[in-house]
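J.: I'd like to ask you about the structure that follows.
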Amino acid sequence: MASPDRPAARVRREPPRFRPVSVRRVERSSPRLVRVTFAGRELEGLTIEQPAASVRLLLPSPGASELFMPSWNGNEFLLADGRRPTIRTFTPRRVDPEILEIDVEIVVHGSGAASEWAESAEGGARAAIAGPGRGYTIDSDAPGFLLAGDETAIPAISQLLESLPADRPARVHVEIADTDARLTFPHHPGAAVEWHELPAGAPPGAALLGAVRDTDIDRGIRVWAAGEAAAVQRVRRHLFEDRGLPRAQASVRGYWKRGRPGDVDGDT
Ligand SMILES: Cc1cc2nc3c(=O)[nH]c(=O)nc-3n(C[C@H](O)[C@H](O)[C@H](O)COP(=O)(O)OP(=O)(O)OC[C@H]3O[C@@H](n4cnc5c(N)ncnc54)[C@H](O)[C@@H]3O)c2cc1C
């Protein structure tokens, strides 16, 4: 029982279960982005209704090839030996409920459990998928859209471009840390895409913030932005404080945190 000097252990609602899958295909969407197709009977019933949603990917611990399923202890998932499992969040880029496949696209940014796993992933490798986490509700009455993100947002921006009303303009700003990250987005008749290379030594988000600052945001335009947590916090402040944008007009999400491995999800 809780007492004033011994607070009750925190109990959180158990998140969606992990569904065991295995790698069916590995392709490159760009030299910086690996598209991994997972398949498995357990994907039955996994439906993703909104673009820019999320799934959690459970991978073998770094250096291991065997996958151990964690259990929920009321607060977090833990492996049987008490260690934290390797769990990262990705955009479910394509889900095919007929043939029970799901694609995620993973940025190969260097040293990170998922990035390194994706560099060498091969058919048959075991993993597990949980989700989905909520995505973005498109306001079909909006006069236009501004999409802004770094490389981790490329899969979500691709999906958004496939889903936005075709007769509305969409300005797209993408910050890339490497020129090889450029790719061809799905065609949207009203899209104007600009790539912004991050200058060497600049903190993540510096080029993105500059691009958003330089963009006219007409009345009613809906803004979607995602990227490094501190960077998108600056974008958020710029939109809401400098420009006075109504909060309901923008969705700004932190996708990763510089210098910190693991999951992050800040939202507006
Ligand atoms: C809702 C949501 C959707 C997301 N969708 C995608 C997606 O579709 N594709 C995708 O690649 N990522 C996506 N991300 C971001 C992804 O979860 C993180 O980048 C994650 O940290 C990558 O795991 P890792 O094991 O490679 O690196 P970690 O082990 O988590 O981190 C190791 C180090 O690398 C740094 N780091 C992490 N990511 C990057 C990066 N992209 N560039 C440079 N340094 C980095 C960390 O700060 C840390 O210092 C999404 C995140 C969220 C919350």
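Just so it is clear, none of the values below were taken in a lab; they were calculated from the coordinates. Worth saying up front: this structure is predicted, and the values here are computed from it rather than measured. Glycine also receives a Cβ, built like all others from the backbone with ideal geometry; neighbour counts cover every protein chain displayed.
J.: Answer with one residue from Gly110, Leu67, Val23: the one whose Cα lies farthest towards the positive end of the charge dipole of segment 10-119, charges on Cβ with Lys, Arg +1 and Asp, Glu -1.
T.: Gly110
J.: Additional query: Per residue of segment 80-97, what does 6.51 cos²θ - 1.76 cosθ + 1.60 with θ = phi - 60° give for ³J(HN,Hα)? Whole Hz please, x for Gly and Pro, Karplus curve as stated.
T.: After applying 6.51 cos²θ - 1.76 cosθ + 1.60, I find 4, 8, x, 6, 7, x, 8, 10, 10, 9, 9, 8, x, 5, 8, 10, 10, x Hz.
J.: Counting other beta carbons within 10 Å of each Cβ, put Tyr136, Tyr255 in order, fewest first.
T.: On the way: Tyr136 19, Tyr255 26.
Final ranking by Cβ density, sparse to dense: Tyr136, Tyr255.
J.: Which order results if Arg56, Arg243 are arranged by neighbouring Cβ count within 10 Å, fewest first?
T.: Details: Arg56 19, Arg243 14.
The order, fewest Cβ neighbours first, is Arg243, Arg56.
J.: Treat every Asp and Glu Cβ in segment 95-213 as -1 and every Lys and Arg Cβ as +1, leave all other atoms uncharged, and give the resulting dipole magnitude about the Cα centre to the nearest 20 debye.
T.: On the way: 6 positive and 19 negative charges, 88 e Å.
Dipole magnitude for segment 95-213 comes out near 420 debye.
J.: While we're on this one: If you take the Cα Rg of segment 120-193 and divide it by 2.2 N^0.38 Å, with N the number of residues, what do you get?
T.: Details: Rg = 15.0 Å, N = 74, 2.2 N^0.38 = 11.3 Å.
Expressed relative to 2.2 N^0.38 Å, the Cα Rg reads 1.33.
J.: What does the charge dipole of segment 193-234 about its Cα centre add up to, to the nearest 20 debye, if the Cβ of each Lys and Arg holds +1 and the Cβ of each Asp and Glu holds -1?
T.: Numbers: 4 positive and 6 negative charges, 41 e Å.
The dipole of segment 193-234 has a size of about 200 debye.
J.: Would you mind checking which residues have amide H under 5 Å from Gly144's amide H? H placed 1.01 Å from N; only 5 or more apart, or other chain.
T.: Hits under the 5 Å cutoff: Arg222.
J.: Using the Karplus curve 6.51 cos²θ - 1.76 cosθ + 1.60 with θ = phi - 60°, work out ³J(HN,Hα) for each residue of segment 116-132 in order, rounded to whole Hz, and write x for Gly and Pro.
T.: 5, 4, 5, 4, 10, 5, 10, x, x, 4, 8, 7, 8, 10, 10, x, x
J.: Would you kindly derive the ³J(HN,Hα) couplings of segment 154-171 from the backbone phi angles with the Karplus curve 6.51 cos²θ - 1.76 cosθ + 1.60 (θ = phi - 60°), listing them in order in whole Hz, with x for Gly and Pro?
T.: Karplus values, whole Hz, x for Gly and Pro: 4, x, 5, 5, 4, 5, 4, 4, 6, 10, 5, x, 5, 9, 10, x, 9, 7.
J.: Once fully extended, how much extra length lies between Val264 and Ser61, figured as 0.36 nm per residue of separation less the alpha-carbon to alpha-carbon distance?
T.: Details: separation 203, 0.36 × 203 = 73.08 nm, distance 1.88 nm.
Result: 71.2 nm gained on full extension.
J.: Here's something else I'd like to know. Could you give the dipole magnitude of segment 1-135 about its Cα centre, charging the beta-carbon of Lys and Arg +1 and that of Asp and Glu -1, in debye to the nearest 20? Let's see the in-between values first.
T.: Values: 20 positive and 17 negative charges, 70 e Å.
Rounded to the nearest 20 debye, it is 340 debye.
J.: Could you put His188, His196 in order, starting from the residue whose Cβ has the fewest other Cβ atoms within 10 Å? Numbers along the way, then the final one.
T.: Working: His188 22, His196 17.
With the fewest neighbours first, His188, His196 line up as His196, His188.
J.: Taking the Cα centre of segment 167-229 as the origin and placing charges on Cβ (Lys, Arg +1; Asp, Glu -1), which of Pro199, Thr215, Ile176 is farthest toward the positive end of the dipole?
T.: Sorting the options by dipole projection puts first Thr215.
J.: So, one more: If we count every other residue with Cβ under 14 angstrom of Gly205's Cβ, Lys/Arg +1 and Asp/Glu -1, where does the sum land? Don't jump to the answer; show the numbers that get you there.
T.: Numbers: positive: Arg213, Arg234, Arg236, Arg237, Arg253, Lys257, Arg258; negative: Asp150, Glu151, Glu175, Glu197, Glu228.
Local net charge: +2.
J.: Of the peptides 88-100, 38-50, 228-240, how do they stack up when ordered by the mean number of other Cβ atoms within 10 Å, highest first?
T.: Values: 88-100: 17.9, 38-50: 15.2, 228-240: 19.5.
Result, highest mean Cβ count within 10 Å first: 228-240, 88-100, 38-50.
J.: A further question on this structure: Scan around Asn73 for amide H atoms under 5 Å from its own, H built in the peptide plane at 1.01 Å from N, and keep only partners 5 or more places away or cross-chain.
T.: Long-range HN contacts for Asn73: Leu78.
J.: If you don't mind, there's one more thing I want to ask. Check which residues have an amide H placed less than 5 Å from Ser251's amide H, if you skip close sequence neighbours.
T.: Val223, Trp224, Ala225
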